[in-house]
Amino acid sequence: MTDVQTAGRPATVISTDATVPEARFDAVVVGAGFAGMYMLHRLRQQGLSVLVLDGATDVGGTWYWNRYPGARCDVPSMEYSYSWSEELQQEWQWSEVMSPQPEILAYAQHVADRFDLRRDIRFATTVRAAHFDESTDTWVIATDAGDRLRATYCIMATGALSASNTPDLPGLDRFGGELLHTGRWPKAPVALDRRVGVIGTGSSGVQAIPVIAEQAEHLFVLQRTPVFTFPANNKPLRPDVQSAYKDHYDEVRRRQRHSPNGFSGWSPVKVAPKQSTAGPRPARPELRTLSPEQRHQAWEQYGFRVFDRFRDVYKDMEANELACELYRDHVRSVVRDPDVAERLLPKDYPLGCKRQVLDSGYYETFNRPNVTLVDLRDEALVEITETGVRTTKRHIELDVLVLATGFDAMTGALDRIDIRGRGGVTLKEHWAAGPRTYLGLQVAGFPNLFTVTGPGSPSVLSNVIVAIEQHVEWIDDCIGELRRDGLRTIETTPDAEEAWGRHVTEVAQDTMYVAPGCSSWYLGANIPGKPRVFMPYVGGLGRYRARCDEIVANGYEGFVLR
Ligand code: FAD
Ligand code: N01
């Protein structure tokens with residue numbers, strides 16, 4: 001298994017040997033996913049010398065690494081795409097409503113070619129360390145290729161979901177078959193027509209399982225926590241719908257930017273204007289007020305949309321549990337074996353506490369004769385052996401073991417770099433009790449270091465590409481202002497950082513994200529020993545954007561510019 005970001009590797013101390021040649025740039029950007037690519041394009045336009053570094057051998061980030069069968073976007077591609085080039089958004093053709101990974105990767109590659117990005121990207125190069133040199137107000141950056149780089153600005157476009165999580169399973173290194181991680185899937189085709197085991201039933205597992213099941217001689221799904229998953233209802237993108245979007249992109253993009261979650265809500269289907277009725281719109285009803293029979297009728301009528309039709313489902317635990325019961329009844333109706341169905345039911349955490357998973361035929365997969373559910377709550381995983389997996393009840397022979405075990409999200413990619421700010425303080429030390437940032441953009445004590453979609457930003461709670469564009473544009477504007485005003489550094493204050501952290505925590509209170517029983521990667525709960533802090537900003541992308549703009553209008557409130 002290849003992993004450029006091996007967890008727990010020793011920190012690199014940057015060489016102080018003056019004979020190591022040093023290359024000088026205005027800005028070094030770490031990461032060549034959608035964030036790093038756009039950052040490069042913007043900074044170049046204002047005349048900066050920029051170098052982008054990525055451990056991958058090509059652009060695309062998420063879409064480069066996650067090549068597992070079934071990998072695709074669950075946001076419509078007309079909206080999960082860059083908005084900053086009219087020519088680009090007009091010329092690119094999407095084939096499906098929600099694009100598969102190869103198409104999104106091809107799009108990223110097209111962007112790299114069209115805007116000639118590759119000449120400033122160094123691939124297959126992992127950044128090991130970034131230290132702030134207080135004597136010159138510059139960042140010194142070291143890579144695994146032995147580069148020593150110096151830059152005024154260091155921008156971490158390292159991705160919120162890029163540090164793959166390989167759990168510490170006993171015997172894992174002994175496995176003699178093919179060991180794969182969904183987040184580090186190889187480029188070469190993998191023969192899956194064998195005995196395959198998949199550990200993990202989050203978004204990645206749920207996408208991969210139905211596709212692997214079609215190819216495998218036998219598939220064993222090793223499930224620890226059952227998932228709530230809604231049908232993706234993906235389909236080919238109709239040419240007229242694509243054209244309608246393109247004709248209305250001004251409006252679509254404007255709506256996306258100011259929406260809570262990066263979705264426009266725009267539809268190419270013309271809806272007849274409603275008869276105007278005087279007075280405010282009636283409030284959505286409460287699920288709790290319905291009788292059991294009415295609740296089932298509501299499910300019959302609305303299916304999965306029922307959860308949004310009632311205002312208490314994501315606000316009140318009792319209503320949430322009623323919604324969960326409707327969901328469970330649905331699963332029971334799809335999965336033929338009642339024992340398997342029962343084991344697939346999420347029962348100990350509320351709907352809406354984790355990132356919503358979307359699937360294409362997930363539950364139906366368990367009706368196949370070549371698929372076995374292994375319930376790790378009933379038969380715990382004891383060890384990985386040379387030939388398979390041993391649980392407390394049996395040994396399962398496997399040729400291929402797929403880890404769909406997720407990511408050390410939001411902080412993992414940054415933690416894996418030895419980042420040191422003023423006084424040699426490491427980012428890891430600064431974040432020992434959980435990540436602390438101002439707006440998810442900067443960290444106190446780390447001048448001129450910016451994080452794109454960092455903890456404390458809305459990023460992962462939205463259509464991420466919209467969040468990326470907002471961050472990149474804010475950072476680019478900020479650097480432009482510093483240069484115009486002849487200023488050397490920008491640095492957030494500890495007070496601003498603390499106040500923002502409090503605000504991030506406050507707005508998450510009373511949401512399902514932090515409800516009793518909820519453990520998610522948003523909270524760092526998937527990584528043993530990681531502090532439990534709700535990391536993303538739940539206040540909404542539009543509101544967050546307005547706050548970022550207001551901070552600039554107030555003379556970079558909460559930042560010190562020197
Ligand atoms: P990434 O795409 O993660 O790119 C970061 C890059 O930084 C990587 O290429 C990595 O190699 C590089 N890097 C990290 N550390 C170092 C280092 N030390 N040295 C050198 N290089 C480094 N979001 C949505 O909005 N909708 C979706 O449907 C959706 N689907 C997803 C599906 C999957 C399987 C995953 C994993 C995520 C998905 N996301 C989705 C989130 C997705 O990560 C973002 O949408 C977006 O692609 C992130 O872009 P990025 O450039 O910020 O980070
Ligand atoms: O990761 P996850 P993911 N033993 O952390 C299990 C984005 N994404 O890669 O819940 C046994 O959600 C773990 O079990 P448990 C999206 O933002 C989007 O699936 O810890 N099992 C869980 O079942 C998403 O939220 C798409 O008990 C172990 C699974 O592994 C994020 O990426 C597609 C284990 C991990 O689930 C992460 O999704 C893919 C162990 N030791 C990803 N350790 C789209 O479609 C972990 N697990 C948009």
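FYI, it's all coordinate maths here, none of it is from the lab. Model, not experiment: these values are computed from the prediction. Neighbour counts are summed over all protein chains in view; Cβ atoms, including those assigned to glycine, are modelled from backbone coordinates with ideal geometry.
By how many nm would the segment from residue 134 to residue 172 grow when fully extended, if each residue of separation counts as 0.36 nm and the alpha-carbon distance is taken off?
Numbers: separation 38, 0.36 × 38 = 13.68 nm, distance 4.35 nm.
Between residue 134 and residue 172, full extension yields an extra 9.3 nm.
How large is log10 of I(q)/I(0) for the chain at q = 0.07, 0.12 Å⁻¹ when the intensity is taken from the Debye formula with one equal scatterer per alpha-carbon?
After summing over all Cα pairs, the log10 values are -0.43, -1.29.
Summing -39500 (n - 2.57) over the DSSP H runs of n ≥ 4 in the chain and dividing by its residue number, what mean residue ellipticity at 222 nm do you reach, to the nearest 500 deg cm²/dmol? It would help to have the intermediate numbers written out before the result.
Numbers: 17 runs with 168 residues, N = 562.
Value at 222 nm, helices only, nearest 500: -8500 deg cm²/dmol.
Taking the beta-carbon count within 10 Å as an exposure proxy, list 441, 373 from fewest neighbours to most.
373, 441
Just how large is the dipole of the chain about the Cα centre, in debye to the nearest 20, putting +1 at every Lys and Arg Cβ and -1 at every Asp and Glu Cβ?
Dipole size: approximately 480 debye.
Can you list the residues, at least 5 places off or on another chain, whose amide H is less than 5 Å from the amide H of residue 401, using H built in the peptide plane?
178, 179, 180, 197
Once the mean 1/r over all distinct Cα pairs of segment 281-353 is inverted, what Kirkwood radius in angstroms do you read off?
Taking the inverse mean of 1/r over all distinct Cα pairs, segment 281-353 comes out at 12.8 Å.
When a footprinting reagent is the concern and you count Cβ atoms within 10 Å, what order do 347, 246 take, fewest first?
So the ranking, lowest neighbour count to highest, is 347, 246.
At a Förster radius of 22 Å, what calculated FRET efficiency corresponds to the Cβ-Cβ distance of residue 124 and residue 19, to the nearest 0.05?
0.35
Where does segment 133-198 land on the Kirkwood hydrodynamic radius, alpha-carbon pairs, in angstrom?
Working: mean 1/r = 0.0610 Å⁻¹.
16.4 Å is the Kirkwood radius here.
By count of other Cβ within 10 Å, fewest leading, how are 314, 438 ordered?
By the 10 Å Cβ count, ascending, the order reads 314, 438.
Between residue 364 and residue 300, what length in nm is gained on full extension when 0.36 nm per residue of separation is reduced by their alpha carbon distance?
21.1 nm
Amide H neighbours of residue 525 under 5 Å, at least 5 residues apart or on other chains, H built in the peptide plane: list them.
For residue 525, the qualifying residues are 520.
If R₀ is 22 angstrom, what is the calculated FRET efficiency for the pair residue 562 and residue 495, using the beta carbon separation as r and rounding to 0.05?
FRET efficiency, residue 562 to residue 495: 0.85.
Give me the distance in nm between label points sitting 7 Å out from Cα along the Cα-to-Cβ direction at residue 251 and residue 150, one decimal.
5.4
Going by a ≥ b ≥ c, the root eigenvalues of the Cα gyration tensor, does segment 193-322 fall in the rounded group (a/c under 1.5), the prolate group (a/b larger than b/c) or the oblate group?
Oblate shape, in that a/c is at least 1.5 and b/c is the bigger or equal ratio.
What order, most packed first, do the peptides 151-157, 405-411 have when packing is the mean number of other Cβ atoms within 10 Å of each residue?
Going by the mean number of other Cβ atoms within 10 Å, highest first, we get 151-157, 405-411.
Can you give me the long-range amide H partners of residue 129? Hydrogens built in the peptide plane at 1.01 Å from N, cutoff under 5 Å, separation of 5 or more residues or another chain.
Amide H to amide H, under 5 Å and 5 or more residues apart or across chains, residue 129 pairs with 142, 418.
Consider a paramagnetic label point 7 Å from the Cα of residue 380 along Cα→Cβ; state which residues of segment 387-427 have an amide N under 11 Å from it.
The answer is 392.
Expressed as a rounded percentage, what relative contact order does the chain have, with Cα pairs under 8 Å and six or more residues apart?
Dividing the mean separation by the residue count of the chain yields 20 percent.
How much length is gained on full extension from residue 290 to residue 339, taking 0.36 nm per residue of separation minus their Cα-Cα distance?
14.7 nm
What is the distance in Å between the Cα centroid of segment 132-206 and that of segment 455-503?
Rounded to whole Å, the Cα centres lie 25 Å apart.
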